[in-house]
Amino acid sequence: MFKFFRSLQTRLEALLEVSRAQADRQLQMEAMLAEAARLQTDRQLHIEALLAQKFLTPAAIAALNPHFHRNFLPNDDSAAQKNLIATWRLRPPGILSHSELVESGFRVFSQNDEDGILLRLFTHIGHTNRYVIEIGSNCSGSDVGIPENLSANLIINHGWHGAVFEMDPTECDKMRYFFARDHATRHFHWSRDGEPTYFSPLIVQQTVNPENINETLFEANNEYEPDLMIIDIDGGDYAVVQSLKVVRPRVLVVEFEKRFRDRYSVVQFDRTNFSKLWSQSGSTSLAAWDRLLGLRGYVLCAIGACGFNAFYVRSEIAAGQLTSLTIAEAFDIHPILSKVDEGLWLIPDESWQQV
């Protein structure tokens, strides 16, 4: 009997040790996140202090190097964009072409020219609820935690609201910090029982996959037909859209792999293979997206100047308002991709599956 109790005591001590180790790891993780947030705040306050002393204006600093623009938001951004909208509305084309959309591109928060394309698109087709869902977002393009995504410009400068999903907790903290301080969104953030509460945009720390996409969206938003949805998760996008049932956005933006041109309908389902052999622009070829989204009632209306994102619009909305593209036309009339050397195009290896 003594041996039995001794053995039981040993097991309990082992379990307690495991529990203490887990608690220690949790504390270490919380300390790391707190330190990351502190460093982020220190960098922001340091730059704001320099600007307050008027060593350089934000415009002057941005002029030194275009990359510095990712650390500053000019106060006139909203006004300049609203002037653009007014100009576009003065003489609207009957049918907005792909080339006009691409020529309207510019960058504020987006990685490339997507902010301008989206603004021109919604100026032309209108909006219903100004609600945006974005899956995959970060602040990696900025030293001071400015989001790099396709929803922030609409939220900050045009009164949109929505939900942003990101799996990295540090990136989520950075985005919450930014939106809690920006003049356009800070009024939608407050404290409850000492804890920060966020209304819009809602930042959800979640790994989104085909198994949880519908439950995740159902819990986070109540818009069945959001004006815009963006999916950018560097692998797994296709399977997520395949499983999508609880929302039907008016406009859907997806990343595609441009180096297969219109020649292969393929998907890279294993996310661990993403960008192993080259710096990929997506894990789904444009032909594969077109086949899937065509069955869902969407038409291709534009691809960005850098060949990363494809802009799909529901066919009943695009009819009579937008020029639809075949995937061959998307490359043949593209200002850059139509002129590149044949050596850019690739043949998919065994990591890609035909669909």
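Region 208-250 and region 76-123 have their alpha-carbon centroids 25 Å apart. Quick one: with all protein chains in place, what share of the accessible area of region 246-355 is carbon or sulfur, to the nearest percent (1.4 Å probe)? Carbon and sulfur together cover 53 percent of it.
For region 99-236, a simple Cβ point-charge model (Lys and Arg +1, Asp and Glu -1, everything else neutral) yields a dipole of about 540 debye relative to the Cα centre.
Put the Cα centre of region 287-321 next to the Cα centre of region 251-284 and the gap is 16 Å. Counting only protein heavy atoms and a 1.4 Å probe, region 102-242 has 39 square angstrom of accessible area per residue. Residue by residue, region 297-304 carries 3J(HN,Hα) couplings of x, 10, 10, 6, 10, 5, 10, x Hz when phi is fed to the Karplus relation 6.51 cos²θ - 1.76 cosθ + 1.60 (θ = phi - 60°); x denotes Gly or Pro. Stretching ASP234 away from GLN205 to a fully extended chain increases their span by 8.8 nm, per 0.36 nm per residue minus the current alpha-carbon distance. Computed on region 127-269, with alpha-carbon pairs under 8 angstrom and 6+ residues apart, the relative contact order is 25 percent. Residues whose amide H falls under 5 Å from that of GLY141, counting only those 5 or more places apart or on a different chain, are GLU148, with hydrogens built in the peptide plane. The modelled label-to-label distance between ASP143 and GLU316, using points 7 Å beyond Cα along the C-beta direction, is 5.1 nm. Think of each Lys and Arg Cβ as +1 and each Asp and Glu Cβ as -1; about the Cα centre, that makes the dipole of region 88-170 roughly 500 debye.
The values are calculated or read from the model by the stated rules, or taken from the named source; none is laboratory data. Predicted, not measured: the structure shown is a model, and the values here were computed from it. Methodologically, a virtual Cβ is constructed for each residue, glycine included, from the backbone with ideal geometry; neighbour enumeration extends over all protein chains shown. When the accessible area is computed, the model is the full protein with side chains, heavy atoms only, and any ligands, DNA or RNA have been set aside. Shrake-Rupley method; radii C 1.70, N 1.55, O 1.52, S 1.80 Å.
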